[in-house]
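Below is one structure; the comments refer to it alone.
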Amino acid sequence: MGSNMAEAHPVGFQWVMEAKSRGAKVIHIDPRFTRTSALADLFVPLRAGSDVAFLGAVINYILTTGKEFREYVEAYTNAATLVEDDFLDTEDLDGLFSGYNTQTAAYDTSSWQYDGMAATASAGKNRAESAKEEGSGHSHGSGGPPLPHGHPRTDPTLQDPHCVWQLLRRHYQRYTPEMVSEVCGVPVEAFLRVCEEWTSASGRERTAAVVYAVGWTQHSLGAQFIRAASIIQLLLGNMGRPGGGIMAMRGHASIQGSTDIPTLYNLLPGYLPMPSATGPSDLAGYVDSIRGEGQKGFWRNADAYAVSLLKEYWGEAATSDNDYCFDWLPKISGDHGTFRTVMDMVDGKVFGYFLLGQNPAVGSAHGKLQRLGMANLDWLVVRDLAMIESATFWQDSPEIETGEIVPEQCRTEVFVFPAAAHTEKDGTFTQTQRLLQWRDKAVEPAGDQRSDLWFFYHLGRRLIQRLAASTDERDLPVQHLAWDYEVVGDEPQADSVLRAINGVDLTSGHALDGYLDLKADGTTACGCWIYSGVYAGEVNQARRRVPRDQQDEVAALQWGWAWPMNRRILYNRASADPEGRPWSERKRYVWWDADAGEWTGHDVPDVEKTKPPGYVPPADAVGPEALRGDDPFVMQADGKGWLYAPGGLVDGPMPTHYEPHESPFSNPLYGQQGNPSRKVYGRADNPSNPSPPEANADVYPFVLTASRLAEHHTAGGMSRQLPYLSELQPEMFLEVSPELARERGLDHLGWATIITSRSAIEAKVLITDRMHPLRVQGRVVHQVWMPYHFGSQGLVTGEGANDLFGVALDPNVLIPESKVATCDVRAGRRPRGAALLELVGAYKQRAGVTVDTGTHLDTTGGRLGKAHLDDAHDPEAVHEGIGTGDDR
Amino acid sequence: MAGGRQGGRRGGDDGSREVPVVPRATFTSYYGRAVLKPPVWTDDIAYYFFLGGVAAGCSLLAAGADQTAKPALRKGTRLTALGALGLGSVFLIKDLGRPERFLAMLRVVKPTSPMSVGTWVLAAYGGPMGLAAISEVVPQRYRATRAGRVLALLARPAGLAAAGLAPAVASYTAVLLSQTAVPAWHEAQEELPFIFTASAAASAGGVGMIVAPPWQAAPARRMAMFGAVVELFASRRLGTRLGLVGEVYLTGTAARHLERASTLTAVGVLGSMLLGRRSRVAAVASGVALLAGGFFERIGILEAGRASASDPRYVVEPQRERVEREGPTRVGEPDEHGAAVT
Amino acid sequence: MSLDHRLYGPLHDVAGEAGHEDHPPRMGFFTDTSICIGCKACEVACKEWNDVPDDGYELLGMSLDNTGMLGASSWRHVAFIEQDRPAGTGEQGRSEFRWLMASDVCKHCTHAGCLDVCPTGALFRTEFGTVVVQQDVCNGCGYCVSACPYGVIERREDDGRAWKCTMCYDRLKGDLEPACAKACPTDSIQYGPLDELRDRAAARVETLHEAGVAEARLYGHDPHDGVGGSGAFFLLLDEPEVYGLPPDPIVPTRDLARMWRFAGVAALAFFGAAVSVFVEGREG
Ligand SMILES: Nc1nc2c(c(=O)[nH]1)N[C@H]1C(S)=C(S)[C@@H](COP(=O)(O)OP(=O)(O)OC[C@H]3O[C@@H](n4cnc5c(=O)[nH]c(N)nc54)[C@H](O)[C@@H]3O)O[C@H]1N2
Ligand SMILES: Nc1nc2c(c(=O)[nH]1)N[C@H]1C(S)=C(S)[C@@H](COP(=O)(O)OP(=O)(O)OC[C@H]3O[C@@H](n4cnc5c(=O)[nH]c(N)nc54)[C@H](O)[C@@H]3O)O[C@H]1N2
Ligand code: SF4
Ligand code: SF4
Ligand code: SF4
Ligand code: SF4
Ligand code: SF4
Ligand SMILES: [Mo]
């Protein structure tokens, strides 16, 4: 679901085909019929953005038919754990959970805590509110959110009304097959077939896997889509077992790597949160804030990870006396996400911008805003393989035609540096499975092309030189950077960087063998604790390429290296039963070898090798020792799989169906229409199309979604420049159903204009049965689709789909909702020049779009007149607080 | 609605008209795209076919005229043969994708390739034919030289040799066309040799009537008559015997050319029979008509081939019918093994 | 096989027949379209390896196919066929809809029409039993174009010569599998000794039939068919013509003798007529 794997990950899809040939059933659930659907055993079309309703109903189906893997659920999940008495569910509050603050449009999550732990939960109080601003909802990538110290109460019989099991039952009771049909447009029979296939392929003997990608993430509640799938997979016992799991099909070749060692403003390597200006000012306080007091699990050792990172940054300069230079780390003061930054650019608050390996003029939501922002800088550095739209916007963007950018007056000075491509430099890719694969340089970079490593190394070197004499205190972090990578010629060696990332024992100078060796006393340095082990034994483990037929091919541990600790399946302790025996012979993966007294199997076991299955920790144990021998989710604070998330998500402990930010329909489940904590920016240059309960949603009656083609890559900089790819998809097009074509008089290969409140673009029409009108809430709704690969540069050009999307974000990870919006479609080409603005303006007028549209996040009161948690409910206040998106 | 589905060709760009007006067509194709590649040969090849036919017919007439002492007819036809073949070769070479590599044809002798066979036949024919023709134009002052005398001596055997090869020159081109996958040509493998030789005869007859005075042109007139009758008959048969594929000979551009060809041939032959003996002017006019008829005949046939290869119908439907009638083609296998793995 | 099928019908040893002694086994392709995902990696890999130029930037509106068909500058072509849902399923539940994808290529026929007619010998049979154009010999006569019953080979107009898939002759010589097969992620394109491939294909069809895919069938695998079986054969899920393939192609050379017989008769008649017209005394 939410992945078009055959087109976006064709090489990985070979394994799906292989599984299929061995009898696996493939089900594809997607708004449109794609090349993946063509190969699936069952294709189910659904309305974009409605997945939580679908998945919630699967949960309900499992709970009501008793199809869960009971022993697994009881032993390995938090089903039995009790939650605070004062927790209120969406069933009680018309679509909100307890703790919602209408003014900040954010939750205080303290009432979501486990019972018996809340007493000491003050540290967690209001976390979500600041977390939302700082986008730190996903800063728990490897460790899970902290839990306060204590032992939560449980009810192993699962009968207590406050236990997670019962909360789930209640939360999803109205998610019925009929509701799925009503919300998603999926016929009841099709839905039930999916349920039957999914549950019958799960259990002791069999496992089922979920594959998703950005069809799930790019939503205002994207993180919750994935949570919903996690719940199902836990209920069915599909986590930590071979053939199970939830596979995120990641994007660019190393996009996984760029979250592990992040290019994000709110994270440090290894998912250590970026310190906050309002948070603790010393290292100890910082460490305590990211792990619970007396926390169980490996996240407990966050101090060693943080200190080692600081040692890697500042080397000798970082000592225990100066708190390892913790002070020198930048602190976040609010939302510095890319969209906030772009708006700041428009507002004149940003002067310079580095753009490396990104083409936001085409690839990012709200293309026009992106271009207007970049047109208002002093300087812009673009490092890319090709001359991309983000470097040429000042002379060829659509805004030239409308007069919104005047080349002669555009103040931005653009510096374009040719970058070396991946074939022209050494390095690793970290892919979907957390697997690092080293690639050797195949050819020398041509001309002036240089690696990004070269660029940053020398930029850093020059800055250090330039500031060497400075006495300004703020230059200390730069002056003392440990900038000591091996350089050959003028090229820094990627290999030596990888070794530094792996970590070094500073006393012996040897590469570390793994993160268990990390120390908090300053004797180790490590660039990214989760990657520690990639250079174990002074060997570049990522460069191993033992073919699968020359090793145990189940996990193929000698191909590349996966974090953590070369483990291929996370939480693989769950592949054995609580006693450590494989759940079934067919699905054996790691198990307890009682004779040898250790864990063994195909993969690197997730638990400590010699911890017996029956191990019970002493009451005062912390960290890994505090995990029981049958706690498989070793990174989680309680060692359990979370059916209910007491923390970590800022928009609810259980996934709840909300309509997309822009939707033609009202939410039939609750008065609450959209995700109440989604992030919106009500600005004149970021308008939203109206959705119920606002009036005039019918001005933009169709559901719009945009995504990929196998033939092109993202913003096109790497594919529209190549003849062999360009010829395969030479033009921008819009896919519509025959029914919609008839309704709107569209001709096959004729032109259509697509209109939202942001802009209007034109595209050739492709009429195809692959697009499905759906029956939702008793009426037919049309969805239209287009690729977003086109722009003004390259061998083939076309208008950009992202000009149609606005900026509305998931509050956990600040990803834009670029997978769904509403629009209108009409036959013919779009008007040119100023007439384009007039057309868009006329639509907005008809729809009554103002800066307020879409910014009233709490819609419960409006419809049902329910009492509010916060009596200060005032829509204007919402608008002021959130709508303007000011930093606070 | 992007076409290509069961039920046949995509009707233009109007994806919006969903409801089929006609019941499921009897054949399916891939978006109405051709299965075959239409022949790359331009009209140049038709010119060559025509001119080659003229040359062959003329060589035959010339040899007869030589034997029966009709010098004007002999000289005229010999020279025409040379001119026609010369010009024809220019068209032939010009139509190559790489004309400068024409001689690559002589790298191999390939019996399975009518073009290879034809090339060698042409090469064999060209020498004696040319010799015979040149003998006609040796200036008086060279005739007495040794070379001149040898040439004069050789002219007759050379002419005979050319005449012996001429029928092959006129007919190999029919095989050349038939040995393609182009339905209109392949299916016409019975008719095309007769059309090509008959048309060559008619055209050469026309040449004879132009170059020779009526009293020497009787054989030419008879040749034209034979040729025209056979040509007209065989052409007609193209439209009737070939079933569905015959359509391309009866419709469109090809049919227009072929009708024009038939009319001109009929007019030419009638003119020659009724007036050819009496009036030189009428004879010349009839000759021109016959030549024009032969010319359009070739163009029409070329055009029919193009039309049949460009429309998937003419490829798919006959094959499909055959499969439905007889099962898939099977060669060299006893019947009981007939069931294919399908 | 008792017959000696030089021109038509099954032929045991194509390379040997072409004069290769001591040659490797006949190599070929089995393209299993039931697992093709339409990624077109084969098209791109072919062009990259063989330096084939682009074929124009035109949106064809034929589903996602913008290549159209095989040709001088497209040696692999992935066809996309969208097939209707059965009538009457309404707006919902259109899952009966089928989207077929198939990567087409030169068939490297046992009896190759193109090869038979090539007057220059530019087209030749390799030791692997494949059919390849020697670009330094081809003079662009265009005969092969019309002689191919599959419409594969084509003359590149700006270059004048005929081009088609070489089954990556250079790679085969270097013991590498062809570029398209190498790039195919799902092994829809399988390369190997033809005999092995035929066995594998038969087994695959059986598996599919057992799985209820009754429409699975092989195309071009049969040495008894009209071209003597092709070196590149396919597993299809519908009639060949749905994919733009001829349903029952026959190599034009099959009728070689017959055509020359007719030509011979016509030639004799021509000669006879020419003689007869000079028999005096019958002039009208
Ligand atoms: N050929 C190619 N491959 C690529 C890329 C490329 O540009 N071209 N890009 C790479 C990158 S950066 C990424 S992130 C990945 C992305 O890989 P994918 O996420 O697989 O790619 P998309 O095509 O964006 O979207 C996947 C599917 O989500 C569906 N979808 C949209 N909305 C919804 C929804 O609400 N629910 C459900 N269930 N489905 C929905 C779309 O119809 C689409 O079929 O691909 C990578 N691989
Ligand atoms: N509507 C809509 N919008 C979307 C999406 C969607 O599904 N729908 N998907 C979103 C997703 S998931 C993504 S990832 C983005 C992608 O959006 P972008 O990242 O903006 O687009 P790309 O074209 O991938 O840009 C990458 C650039 O990096 C250059 N490059 C490649 N290698 C190197 C290198 O080694 N060094 C340097 N310096 N440059 C290099 C390439 O030439 C290319 O121009 O688009 C997003 N936008
Ligand atoms: S482009 Fe590269 S990363 Fe993407 S599917 Fe193909 S091989 Fe894999
Ligand atoms: S398919 Fe056509 S081009 Fe290929 S070998 Fe057969 S006849 Fe020749
Ligand atoms: S075009 Fe070239 S390859 Fe084709 S038949 Fe002529 S010479 Fe042979
Ligand atoms: S075998 Fe080689 S030449 Fe033939 S299609 Fe494949 S890649 Fe192209
Ligand atoms: S590479 Fe393979 S899967 Fe992809 S289109 Fe070609 S044949 Fe199909
Ligand atoms: Mo991505």
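The values are calculated or read from the model by the stated rules, or taken from the named source; none is laboratory data. Quick caveat: nothing in here was measured; it's all calculated off a predicted structure. Glycine gets a Cβ as well: all are built from the backbone with ideal geometry, and neighbour counts include every protein chain shown. Surface accessibility is based on the protein's heavy atoms, side chains included, excluding ligands, DNA and RNA. Shrake-Rupley method; radii C 1.70, N 1.55, O 1.52, S 1.80 Å.
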Check your understanding: Only one residue in A:Ala57, A:Ala80, A:Ala75, A:Ala40 is more than 16 Å from ligand 2 (Cβ to nearest atom), open to solvent by less than 30 Å² (accessible area, probe 1.4 Å), touching a His at 6+ places or on another chain (Cβ under 7 Å) and among the aliphatic types (A, V, I, L, M). Which one?
Key -> A:Ala40
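Looking only at residues that are assigned to a loop (DSSP other than H, G, I, E, B) and within 11 Å of ligand 4 (Cβ to nearest atom) in region C:129-162, which one is nearest to B:Pro183 (Cα to Cα)? Before the answer, list the steps.
In the first step, residues of region C:129-162 are kept if they are assigned to a loop (DSSP other than H, G, I, E, B); the result is C:129-130, C:134-142, C:148-153, C:156-161.
Cutting the leftovers down to within 11 Å of ligand 4 (Cβ to nearest atom) gives us C:129-130, C:148-153.
Numbers: C:Gly129: 28, C:Thr130: 26, C:Cys148: 12, C:Pro149: 10, C:Tyr150: 12, C:Gly151: 12, C:Val152: 16, C:Ile153: 17 Å.
That would be C:Pro149.
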Check your understanding: Is there any pair with a first residue in region A:570-584 that is closer than 14 Å to A:Asp606 by Cα and a second that is in a strand (DSSP E or B) and open to solvent by 10 Å² or more (accessible area, probe 1.4 Å) whose Cβ atoms are under 6 Å apart and which are 6 or more apart or on different chains, and what are they?
Key -> A:Ala576/A:Pro582; A:Ala576/A:Trp591; A:Gly580/A:Trp591; A:Gly580/A:Trp592
Review point. Taking region A:160-213, which residues are of a type in the set (Ser, Thr, Tyr) and within 14 Å of chain C (Cβ to nearest Cβ)?
Key: A:Ser181
Check your understanding: Looking only at region C:209-265, which residues are at the interface with chain B (Cβ under 7 Å from one of its Cβ atoms) and among the hydroxyl-bearing types (Ser, Thr, Tyr)?
Key -> C:Tyr243, C:Thr253
Check your understanding: Only one residue in A:Val590, A:Val604, A:Val616 is open to solvent by 20 Å² or more (accessible area, probe 1.4 Å) and more than 24 Å from A:Tyr271 (Cβ to Cβ). Which one?
Key -> A:Val616
**Study point:** Residues of region A:690-737 classified as within 27 Å of A:His782 (Cβ to Cβ), open to solvent by less than 30 Å² (accessible area, probe 1.4 Å), away from ligand 3 (no atom under 16 Å from the Cβ) and within 14 Å of another protein chain (Cβ to nearest Cβ), total
**Key:** 7
Check your understanding: What are the residues in region A:505-521 that are buried (at least 16 other Cβ atoms within 10 Å of the Cβ), in contact (Cβ under 8 Å) with a residue 40 or more places away in the chain and not in a helix (DSSP H, G or I), if any?
Key -> A:Leu506, A:Gly514, A:Leu518, A:Lys519, A:Ala520
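Restricting attention to region A:15-59, report how many residues are within 16 Å of ligand 3 (Cβ to nearest atom) and either within 25 Å of A:Val781 (Cα to Cα) or of a type in the set (Lys, Arg) (or both). Working first, answer last.
Keep residues of region A:15-59 that are within 16 Å of ligand 3 (Cβ to nearest atom), which gives A:15-18, A:34-36, A:39.
With the extra rule that they be either within 25 Å of A:Val781 (Cα to Cα) or of a type in the set (Lys, Arg) (or both), the set shrinks to A:34-36.
Final tally of qualifying residues: 3.
Matching residues to (1) touching a His at 6+ places or on another chain (Cβ under 8 Å); (2) within 16 Å of ligand 7 (Cβ to nearest atom); (3) within 14 Å of chain C (Cβ to nearest Cβ); (4) of a type in the set (A, V, I, L, M):
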{"site": "A:Gln218", "(1), (2), (3), (4)": "no, no, no, no"}
{"site": "A:Leu235", "(1), (2), (3), (4)": "no, no, no, yes"}
{"site": "A:Pro262", "(1), (2), (3), (4)": "no, no, no, no"}
{"site": "A:Asn266", "(1), (2), (3), (4)": "yes, no, no, no"}
{"site": "A:Asp282", "(1), (2), (3), (4)": "no, no, no, no"}
{"site": "A:Val287", "(1), (2), (3), (4)": "no, no, no, yes"}
Practice item. Take region A:180-230 and flag every residue that is under 19 Å from A:Ala19 (Cα atoms), open to solvent by less than 20 Å² (accessible area, probe 1.4 Å) and in contact with a strand residue (DSSP E or B) (Cβ under 7 Å, 6 or more places away or on another chain). Key: A:Val194, A:Val210
Review point. Quick one: which of B:Gly239, B:Gly332, B:Gly294, B:Gly246 is in contact with a Gly (Cβ under 7 Å, 6 or more places away or on another chain), open to solvent by less than 40 Å² (accessible area, probe 1.4 Å) and within 9 Å of chain C (Cβ to nearest Cβ)?
Key: B:Gly332
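Might you check whether a residue that is touching a residue at least 60 places away in the same chain (Cβ under 8 Å) and open to solvent by 50 Å² or more (accessible area, probe 1.4 Å) occurs anywhere in region B:130-139?
no
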Exercise for review: Output yes when any residue across region A:104-113 is touching a Leu at 6+ places or on another chain (Cβ under 7 Å), modelled with pLDDT under 95 and surrounded by 24 or more Cβ atoms within 10 Å (Cβ to Cβ), and no when none is.
Suggested key: yes
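Which residues, taken from region C:133-143, are under 15 Å from the mean Cα position of the chain (by Cα) and either within 7 Å of another protein chain (Cβ to nearest Cβ) or open to solvent by less than 10 Å² (accessible area, probe 1.4 Å) (or both)?
none
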Practice item. Would you point out the residue of region A:184-222, among those that are without any contact (Cβ under 8 Å) to a residue 60 or more places away in the chain and part of a loop (DSSP other than H, G, I, E, B), that is farthest from ligand 8 (Cβ to nearest atom)? Key: A:Pro187
Practice item. State the number of residues belonging to region C:169-206 that are in contact (Cβ under 8 Å) with a residue 24 or more places away in the chain and either within 16 Å of ligand 1 (Cβ to nearest atom) or not β-branched (Val, Ile, Thr) (or both). Key: 25
Revision key, fill the gap. Log entry, pairs with first residue in region C:148-168 being within 7 Å of chain B (Cβ to nearest Cβ), second being not in a loop (DSSP other than H, G, I, E, B), beta carbons closer than 6 Å, six or more apart or on different chains, reads C:Cys148/C:Gly113; C:Cys148/C:Cys114; C:Pro149/C:Gly113; C:Glu154/C:Gly71; C:Glu154/C:Val145; C:Arg155/C:Val145; C:Arg155/C:Ala162
Check your understanding: What's the number of the condition A:Pro242 fails, among (1) open to solvent by 10 Å² or more (accessible area, probe 1.4 Å); (2) within 16 Å of ligand 8 (Cβ to nearest atom); (3) out of contact with any His (no Cβ under 7 Å at 6 or more places or on another chain)?
Key -> (2)
Exercise for review: Answer with yes or no whether B:Ala201 is assigned to a helix (DSSP H, G or I), facing another protein chain (nearest Cβ under 8 Å) and more than 23 Å from B:Lys37 (Cα to Cα).
Suggested key: yes
Check your understanding: Regarding C:Arg258, is this residue in contact with a strand residue (DSSP E or B) (Cβ under 7 Å, 6 or more places away or on another chain) and open to solvent by 50 Å² or more (accessible area, probe 1.4 Å)?
Key -> no
Review point. Residues A:Ala741, A:Ala760: which one is more than 14 Å from every other protein chain (Cβ to nearest Cβ) and open to solvent by less than 10 Å² (accessible area, probe 1.4 Å)?
Key: A:Ala760
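Being outside any helix (DSSP H, G or I), hydroxyl-bearing (Ser, Thr, Tyr) and open to solvent by less than 40 Å² (accessible area, probe 1.4 Å) is the filter; apply it to region A:449-498 and report the residue that is farthest from A:Ser258 (Cα to Cα).
This residue is A:Ser470.
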Point to revise | Unique residue being at pLDDT 95 or above and open to solvent by 10 Å² or more (accessible area, probe 1.4 Å) when the list is A:Ala375, A:Ala361 | key: A:Ala375
Practice item. Could you tell me which of the residues B:Ala147, B:Ala228, B:Ala152, B:Ala124 is open to solvent by less than 30 Å² (accessible area, probe 1.4 Å) and either more than 30 Å from B:Leu244 (Cβ to Cβ) or within 12 Å of another protein chain (Cβ to nearest Cβ) (or both)? Key: B:Ala228
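Please note which helices (runs of 4 or more DSSP H) are completely contained in region A:1-41 and include at least 3 residues that are closer than 14 Å to A:Gly215 by Cα. Working first, answer last.
On the way: elements: A:5-8, A:10-21, A:35-39.
Result: A:5-8.
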